1. Among the residues of region 53-105, write down those that are among the β-branched types (Val, Ile, Thr), part of a strand (DSSP E or B) and under 16 Å from Val179 (Cα atoms).
2. Given the criterion free of Cβ contacts under 8 Å to residues at least 60 places away in the same chain and farther than 17 Å from Val11 by Cβ, identify the matching residue among Ala104, Ala127, Ala138, Ala163.
3. Would you please name the residue that is nearest to Leu123 (Cα to Cα), looking only at residues in region 136-181 that are in contact with a Leu (Cβ under 7 Å, 6 or more places away or on another chain) and surrounded by fewer than 13 Cβ atoms within 10 Å (Cβ to Cβ)?
4. Of all residues in region 2-37, how many are surrounded by fewer than 16 Cβ atoms within 10 Å (Cβ to Cβ) and either among the aliphatic types (A, V, I, L, M) or in contact with an Asp or Glu (Cβ under 6 Å, 6 or more places away or on another chain) (or both)?
Amino acid sequence: MQVVRTAIPDVLVLEPQVFGDERGFFYESYNRRVFREATGLEVDFVQDNHSRSVRGVLRGLHYQIRQPQGKLVRCTAGEVLDVAVDLRGGSEHFGKHVTFRLSAANKRMAWIPPGFAHGFVVLSEAAEFLYKTTDYYAPAHERSLLWNDPALGIDWEYDGTPALSAKDKAGVPLARAEVFP
């Protein structure tokens with residue numbers, strides 16, 4: 001596994017070793033020991049999630065103010081633009097974001113640490129998105145950061161108006177968001 005540090009060094013893009021031939025491919029999508037050795041992180045995943053969305057669906061920017069979740073994310077069908085926003089109050093990268101493409105073709109994964117808002121927009125006809133989390137979903141503590149807040153300046157690389165849930169339409173701008181200490 002190759003680890004690529006992003007402009008926010010705690011957010012990692014992971015490139016697995018893929019074995020392929022005319023029959024198809026094989027790769028190990030997660031191995032606790034390999035993950036720890038490659039990243040230096042000891043994490044305990046407690047929940048797996050799987051979503052399917054069509055082109056233009058934007059999910060995010062989500063986080064849990066209590067029971068914050070670290071996420072290991074990947075796209076197993078189609079392509080998404082993935083976004084992580086640093087909401088750690090003491091971080092030198094507070095309020096900054098990183099973006100990267102995850103797809104079935106590139107087989108990349110990303111580590112989004114606790115303390116970040118996370119989201120993605122579907123760039124292909126449809127996409128399936130899988131992620132492991134380090135804490136359980138806690139709806140009472142879930143928050144949504146406004147996806148198009150000018151203070152964030154995120155280029156979603158999507159032309160048109162994305163399809164949003166009611167929760168995401170009601171996201172709050174960074175200036176009013178609950179953030180981590």
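Every number in this text was worked out from the coordinates using simple rules, so none of it is lab data. Here the structure is a predicted model, which means the values were calculated and not measured. Reconstructed Cβ throughout: ideal geometry from the backbone, glycine too, with neighbour counts over all protein chains shown.
1. Val85
2. Being free of Cβ contacts under 8 Å to residues at least 60 places away in the same chain and farther than 17 Å from Val11 by Cβ holds for just one of Ala104, Ala127, Ala138, Ala163, which is Ala104.
3. This residue is Glu157.
4. 7
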